Amino acid sequence: MASTLPDHPQSDSPIGPPLPQPAQSPKSVQLSQIGQSGQSAQPSQDRAAGRVEVHGIDHIPETERRGRARELFAVWAAASVNYLNLVVGGALVLSGLSLWQAFAVVVVGNLFWLGTGLLAVSGPAAGAPSEVITRALYGVRGNRVNNAVTGWMISVCYFALNLAAAAVAAFSLAEQVGITPDTPIKIAIVIAIVVVTLTISVYGHAVIVRLYLPITLVLAAAFAVVGYAILRHADFGWSQPQPLSGSGTWAAVLAGVTLIASGPLSYTISADFSRYLPADTSPRAVLGWTALGGFLPSVVVGGLGVLGATAVDMTDPQAALRTILPGWFNPVFLLSLVIGTVAVNALTAYSAGLALQAVGIRIRRTLSVLVDGTVAVALTLYALLVSNFLDTVSNVLQLTVVLLGPSTAIYAVDILLRRNRYDGRALTDESPGSPFWYRAGVNPAGALALLAGVTASALCVDTLYTGPIAALTGVDLALPAGIAVAAVVYALLMRRVVSRGQA
């Protein structure tokens, strides 16, 4: 496996080498050395796992780059060996798909991890996070709006949803050890989970890279026990009592692919975790290890969910799985659900903190992470103790594919058009003299492509509402329509700009 994913540059790579860095002007020196907190970055501290990361959205100098592309596998695997993938696999069967149709949907939907991998290659090339690289797509001012919505708001909502799921599992765990989860206990549990999550996010990149390998191994061991129990009870000859046919089958298949693809599509920030790699790291290695880290565990766990639907009632997976799991393992399983959610949310909070900086708020990365966590805790406690607010948020997030599909497509096309050549120091320049200022701080190509892609996707939606195209076809084509339209429009509008070297 390692031989097919080299860590060193390949001369025949389809994605070009990083752009040579020009001599810095006094202004660019200041911008590259000073983070959004307004304080000088301290060399080498960011790579020490025992120290708080001092870099925010500022450029990472080559002297502080370390690591190998293979480290990315554990980062994304830890975020993918989770309960959600198990639940989604079971939901595919509940939607009416046969076993083999459901397995196919799991594989196809998770192929979108290749997109996550492609976006990650821009990190080492630019030495900057995704939240800064996207200035090349939308312009300095346009990117602030992009980060406010796609980067921060959606991330905080996902944080709250995941935190609620972890809290429910933790409440059940408390009951099993004899603690009654009344309101004060529930609040304490939610806060405890957030403290652990934000500690990882605040310490930052080096801790994430070092910690996520053991987390991956622990979660893999836990889900191996779950998998063994499911395989023992699964009915491989099971068939749907009322099989779908015709347009009903295609509707369920496309809905399933969209549901699964929404996971990798939500990680448009994959460069955040690759930007500390040396600039000459093989793009194919970055793409491969990132994609494999997300794809492999997601397919395995999702496949177990599909088989689980033949053994237990997956409408309530947590309660149903108790009937086939060893009694001693139930607390371990619940704890693994909490750990898995913490791993996902630590990545989410880390990137949301960078997004808050990229919006233009002058705040330390550590403080921006704490702000994200505070907002997420408030939403979660309000939802768990007062109302069904998270149900509303969850419904709204079903529509995020309308935005995330086109934005992922635009980012990917930009990488291919530029052959992954990004000037990381120039990207830190937010002045009107920046090459990424475009027109009044907005790149018309990115703005128009995103508008066109979102519009096309919205017309095809068949989730919370039925768009006119969905009404005509009977299927939800929001994902492919949004991606295709955004990619084509951006490529047509941006090709001349890139070829002329205007940005």
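The values are calculated or read from the model by the stated rules, or taken from the named source; none is laboratory data. This is a predicted model, so every value here is computed, not measured. Reconstructed Cβ throughout: ideal geometry from the backbone, glycine too, with neighbour counts over all protein chains shown. The protein model used for the area step is the full one, side chains on, heavy atoms only, and it has no ligands, DNA or RNA in it. Shrake-Rupley method; radii C 1.70, N 1.55, O 1.52, S 1.80 Å.
Where in the chain lies the longest segment free of chymotrypsin sites (Phe, Trp or Tyr not before Pro) that are both loop residues by DSSP (not H, G, I, E, B) and have at most 10 other Cβ atoms within 10 Å? Here the longest run is 1-235. Ordering VAL475, VAL497, ALA188 by Cα displacement along the dipole of the chain toward the positive end leaves VAL497 in first place; charges were set at the Cβ atoms of Lys, Arg (+1) and Asp, Glu (-1).
For the set MET494, MET153, the ranking by accessible area, highest first and with no ligand, DNA or RNA atoms included, is MET153, MET494 under a 1.4 Å probe. A Cβ-based charge dipole, computed about the Cα centre of the range 407-503 with Lys and Arg at +1 and Asp and Glu at -1, lands at about 520 debye. For ARG51, the solvent-accessible surface with a 1.4 Å probe is about 130 Å², rounded to the nearest 10.
Once the piece of chain linking SER245 and ARG439 is laid out straight, how much longer is it, given 0.36 nm per residue of separation minus the C-alpha distance between them?
On the way: separation 194, 0.36 × 194 = 69.84 nm, distance 5.11 nm.
Between SER245 and ARG439, full extension yields 64.7 nm more.
Averaging Cα coordinates gives a centre for the range 326-388 and one for the range 266-290; these two points are 23 Å apart. Kirkwood hydrodynamic radius of the range 417-503, from the reciprocal of the average inverse Cα-Cα distance over all distinct pairs: 14.7 Å.
With the simple spin-label model, which puts each label point 7 Å out from Cα in the Cβ direction, the THR199 to ALA378 separation comes to 2.5 nm. The spacing between the range 413-488 and the range 151-170, judged by their C-alpha centroids, is 26 Å.
Each label was represented as a point 7 Å from its Cα along the Cα-to-Cβ direction; for ALA319 and ARG66 these points are 5.0 nm apart. Select from VAL108, LEU118, VAL75 the residue farthest towards the positive end of the dipole of the chain; place +1 on Cβ of Lys and Arg, -1 on Cβ of Asp and Glu, and compute about the Cα centre. Checked the options; the winner is LEU118. Debye-formula intensities of the chain, expressed as log10 I(q)/I(0) at q = 0.11 Å⁻¹, are -0.92 (one equal scatterer per alpha-carbon, no solvent). Once the chain from THR466 to ASN330 is taken as fully extended at 0.36 nm per residue, the excess over their C-alpha distance is 44.9 nm. Average accessible surface for the chain: 40 Å² per residue, computed with a 1.4 Å probe over protein heavy atoms with every protein chain in place.
The fraction of accessible area contributed by carbon and sulfur in the chain is 65 percent, rounded to a whole number (1.4 Å probe; ligands and nucleic acids excluded). Between HIS233 and ALA104, the FRET efficiency estimated from the beta carbon spacing at R0 = 30 angstrom works out to 0.85.
When only the Cβ of Lys, Arg, Asp and Glu is charged (+1, +1, -1, -1), the dipole of the chain relative to its Cα centre reaches about 1240 debye. Label-to-label distance for MET153 and VAL177 is 3.9 nm, based on points extended 7 Å past Cα in the beta-carbon direction.
Applying 1/(1 + (r/R0)^6) with R0 = 35 Å to the Cβ-Cβ distance of ASP280 and SER499 gives a FRET efficiency near 0.90.
For VAL488 and ALA224, what is the calculated FRET efficiency with R₀ set at 25 Å and r taken between the beta-carbons, to the nearest 0.05? All intermediate terms of the calculation are to be shown ahead of the outcome.
Details: r = 44 Å, r/R0 = 1.75.
Approximately 0.05, to the nearest 0.05.
Taking Cα centre as origin and charging only the Cβ of basic (Lys, Arg, +1) and acidic (Asp, Glu, -1) residues, the dipole magnitude of the range 53-111 rounds to 260 debye.
Taking the charge dipole of the range 232-355 about its Cα centre, with +1 at Lys and Arg Cβ atoms and -1 at Asp and Glu Cβ atoms, the residue from VAL306, ASN345, ALA279 reaching farthest to the positive side is ALA279.
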